[in-house]
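A.B. asks: This is the structure, below, for whatever I ask next.
Laboratory data are not the source of any read-out in this text; all were calculated from the coordinates shown. Computed from a predicted structure; not experimentally measured. Heads up, the Cβs are rebuilt from the backbone with ideal geometry, glycines too, and the neighbour counts pull from every protein chain shown.
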Amino acid sequence: MARLMRENSIQAVQKGRSKRTTDSNHSFPLADNFLARDFRATWPNQVWLTGITYIHTNWGWLYLSAILDVYSRKIDGWVMDDTMDRILCMNALKVAVLKWKF
């Protein structure tokens, strides 16, 4: 690929540095670390992980919250919204719980 790009005078567009969006220097309480970074599961729905990211869309920035089943590595629930708050995370959890097969 690099050779073809050189031969055709094609260069990748390099973006500037991304803006730092996380402030780790705060006084808010931290959640307990129940997994101790041991991200293994022996059966489905034993361990769920969650995360939040933001995505630029035609409508502006949206926040995505997803719930991942560690055993299957599949997303069990996700939601998007234009505000990042606890409701975003709770709604993703609700979607995952409603999809869960007992």
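A.B. asks: I need the chymotrypsin sites (Phe, Trp or Tyr not before Pro) found in the stretch 1-65, filtered to DSSP loop residues with at most 14 other beta carbons within 10 Å of theirs. It would help to have the intermediate numbers written out before the result.
C.D. replies: Details: sites: F34, F39, W48, Y54, W59, W61, Y63; in loops: F34, F39, W59.
Passing both the DSSP loop test and the Cβ count: F34, F39, W59.
A.B. asks: Next question. Assign unit charges at the C-beta atoms only (+1 for Lys and Arg, -1 for Asp and Glu), then state the dipole size of the stretch 40-102 relative to its Cα centre in Debye, rounded to the nearest 20.
C.D. replies: Details: 7 positive and 5 negative charges, 71 e Å.
I would put it at about 340 debye.
A.B. asks: Moving on to the next point. Through the Karplus equation 6.51 cos²θ - 1.76 cosθ + 1.60, θ set to phi - 60°, convert the phi angles of the stretch 11-17 into ³J(HN,Hα) values in whole Hz; use x for Gly and Pro.
C.D. replies: 10, 6, 7, 9, 7, x, 5
A.B. asks: Something else: In what sequence do D38, D81 fall when counting other Cβ within 10 Å, fewest first?
C.D. replies: D38, D81
A.B. asks: Could you give the angle, 0 to 90 degrees to the nearest 10, between helix 86-99's Cα long axis and the longest principal axis of the Cα atoms of the chain?
C.D. replies: Compared with the principal axis, the helix lies near 70 degrees.
A.B. asks: Exactly which trypsin sites (Lys or Arg not before Pro) in the chain are in a DSSP loop and have at most 15 other Cβ atoms within 10 Å?
C.D. replies: Passing sites in the chain are K15, R17, K19, R20, R37, R40, R73, K101.
A.B. asks: At 7 Å along Cα-to-Cβ for each site, give me the label-to-label distance between K94 and F39 in nm.
C.D. replies: It works out to 2.8 nm between the two label points.
A.B. asks: A follow-up question, please. Please list, in order along the stretch 63-79, the HN-Hα scalar couplings obtained from phi with the Karplus expression 6.51 cos²θ - 1.76 cosθ + 1.60 (θ = phi - 60°), rounded to whole Hz, x for Gly and Pro.
C.D. replies: Here the 3J(HN,Hα) series is 9, 10, 10, 10, 10, 10, 7, 4, 5, 8, 6, 9, 7, 8, x, 7, 9 Hz.
A.B. asks: Sticking with this one: From the backbone phi of the stretch 33-49, what are the Karplus-calculated ³J(HN,Hα) couplings (6.51 cos²θ - 1.76 cosθ + 1.60, θ = phi - 60°) in whole Hz, Gly and Pro given as x?
C.D. replies: So the Karplus estimates, Gly and Pro as x, are 9, 5, 7, 6, 6, 9, 8, 10, 9, 9, 8, x, 6, 6, 9, 10, 10 Hz.
A.B. asks: Mind listing the long-range amide H neighbours of Y54? Cut-off is under 5 Å, sequence gap 5 or more, other chains count too, H placed in the peptide plane at 1.01 Å from N.
C.D. replies: L64
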